[in-house]
Amino acid sequence: MTRAAGRSFPVLGLVTMLLMVGCGPKSVQVGQEFPVPVMQKKDARVALRVSAAFANYRHSEELEGAGRWDIAIGQANTAMFSQLLDGMFTQSERLEGEQPAPEVDLVVTPELVDFQFSTPELSFTEFYEAWFKYQLRFHDGQGTLLSEWPLTAYGRSEARFLGGSDALRDATEMALRDAAAGFAVRFARDAALQSHVER
């Protein structure tokens, strides 16, 4: 009797370990390749300025019925804006820190105001969904604010075609592509920015 009980301990330990692994966070690594917009490039030198918080942002959240999720967003966000500006302007670069950049025509600074996501367990649908909200600020090379505006984006992916982590990654990447398209349209309608880069 004692020996049987003794032999059960490794089995119980293994079961406990498997349960702990199963309850770990679902990790989502968002891709960093996005379509370059097909458009005539503006002849201007533009810089993307991103903070360390923006570039390294990870979203961690516990959802009732769906467990804990850990989503690496910062590098994908930075890549999307970098590739977008590459496609919109003849010259683009990335700035670090807050130093002035008198040699550039325009400095674009994105701020991630909010990120939200939903799973089928929460929405009672077949979709994983992702939402972004940004605040965009545009300065000249001397630091003078030229314009600023919010930008929202949305993406979704059907759960039946992909596993949970892959579906949420796909939804997040679709939201980032939506953000890129929204940025291009909004920028083209901003008279102050158009005048500045075309002077």
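Numbers at a glance
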quantity	calculated
Total residues in the stretch 53-75, condition closer than 12 Å to Phe115 by Cβ and either part of a strand (DSSP E or B) or basic (Lys, Arg) (or both)	7
Sole exception among (1) over 18 Å from Met39 (Cβ atoms); (2) in contact (Cβ under 8 Å) with a residue 40 or more places away in the chain for Arg177, by number	(1)
Residue count for the stretch 154-199, restricted to those that are in a helix (DSSP H, G or I) and either over 23 Å from Ala47 (Cβ atoms) or of a type in the set (D, E, K, R) (or both)	20
Single residue of Leu151, Leu145, Leu112 found to be hydrophobic (A, V, I, L, M, F, W, C), more than 16 Å from Arg45 (Cβ to Cβ), out of contact with any Pro (no Cβ under 7 Å at 6 or more places or on another chain) and surrounded by fewer than 16 Cβ atoms within 10 Å (Cβ to Cβ)	Leu145
Options Phe161, Phe115, Phe89, Phe127: the member that is within 23 Å of Pro35 (Cβ to Cβ), of a type in the set (A, V, I, L, M, F, W, C), modelled with pLDDT of 95 or more and more than 14 Å from the chain's Cα centre (by Cα)	Phe89
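The values are calculated or read from the model by the stated rules, or taken from the named source; none is laboratory data. None of the values given here were measured: they were computed from a predicted structure. Please note: Cβ atoms are built from the backbone with ideal geometry, for glycine as well, and neighbour counts cover all protein chains shown.
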